[in-house]
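Contents: one structure, followed by commentary.
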Amino acid sequence: MDQIKAGYINLRNYPPLLENTVNTIVLSPLLFIGKFYLPPFHLKLEKSIEIETPDKQTIIKGRIEFLLLNQKFWVTVIESKQVAYSVEAGLDQILAYMLAAPQSQDVVFGMITSGGSFMFIKLLKGSPPRYATSDIFDVRNRGNELYNVLQILKRISQLTFA
């Protein structure tokens with residue numbers, strides 16, 4: 001975790017931090033350490049989705065940049081061309097993806113990251129759907145909040161297979 005943080009801090013000095021860089025330097029090592037490349041998870045990149053409202057008046061189209069699949073856990077990376085770009089900017093996007101999950105899932109979890117900041121989302125499907133967000137964990141805070149992020153990721157993986 002400390003090496004991941006050091007790598008991210010170093011790369012902040014050489015903007016822009018594009019999506020592929022964030023994936024390579026921060027997210028991929030974090031997911032590897034958390035064993036999210038092993039069963040029952042599998043990975044898909046750049047998945048297209050389309051959501052339509054019941055009245056067919058609104059259609060949301062997009063791509064999931066990074067997806068861990070077991071149909072209950074979604075991870076997306078927002079492209080951070082500016083270091084100060086907030087993960088909250090990706091909230092609408094990830095909620096749309098999570099709402100597109102198979103209807104048999106009552107609870108869906110998600111995570112948004114810019115590489116330096118992480119936010120977790122819990123979506124309760126229903127009528128109407130409800131969601132909650134976690135605090136924002138930031139690599140630049142005192143200590144190394146990547147340890148907290150890894151701990152939450154592991155807990156979510158336990159919940160999704162309980």
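The values are calculated or read from the model by the stated rules, or taken from the named source; none is laboratory data. Quantities reported herein were computed from a predicted structural model and do not represent experimental measurements. Note: ideal-geometry Cβ built from the backbone for every residue, glycine included; neighbour counts use all protein chains shown.
The residues in region 19-44 that are loosely packed, with under 13 Cβ neighbours inside 10 Å and at pLDDT below 75 can be counted, and the count is 4.
Residue count for region 8-42 satisfying the condition of being part of a helix (DSSP H, G or I) and in contact with a strand residue (DSSP E or B) (Cβ under 8 Å, 6 or more places away or on another chain): 7. Given the conditions (1) at pLDDT 60 or above; (2) more than 22 Å from LEU150 (Cα to Cα); (3) not hydrophobic (A, V, I, L, M, F, W, C), and given that GLN82 satisfies all but one, which numbered condition is not satisfied? For GLN82, the exception is condition (1). Selection of first residues in region 100-113 that are buried (at least 24 other Cβ atoms within 10 Å of the Cβ) and of second residues that are assigned to a loop (DSSP other than H, G, I, E, B) and modelled with pLDDT of 75 or more, restricted to Cβ pairs under 7 Å at least 6 apart or on distinct chains, gives the following pairs, ordered by first then second residue: VAL108/LYS125. Checking the condition charged (D, E, K, R), modelled with pLDDT of 75 or more and outside any strand (DSSP E or B), which residue from LYS5, LYS56 passes? Only one candidate qualifies: LYS5.
Table: residues versus (1) out of contact with any Gly (no Cβ under 8 Å at 6 or more places or on another chain); (2) modelled with pLDDT of 85 or more; (3) assigned to a loop (DSSP other than H, G, I, E, B).
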position	(1), (2), (3)
GLN105	yes, no, yes
VAL108	yes, no, no
ILE121	no, yes, no
GLY126	yes, no, yes
TYR131	yes, yes, no
ASP135	yes, yes, yes
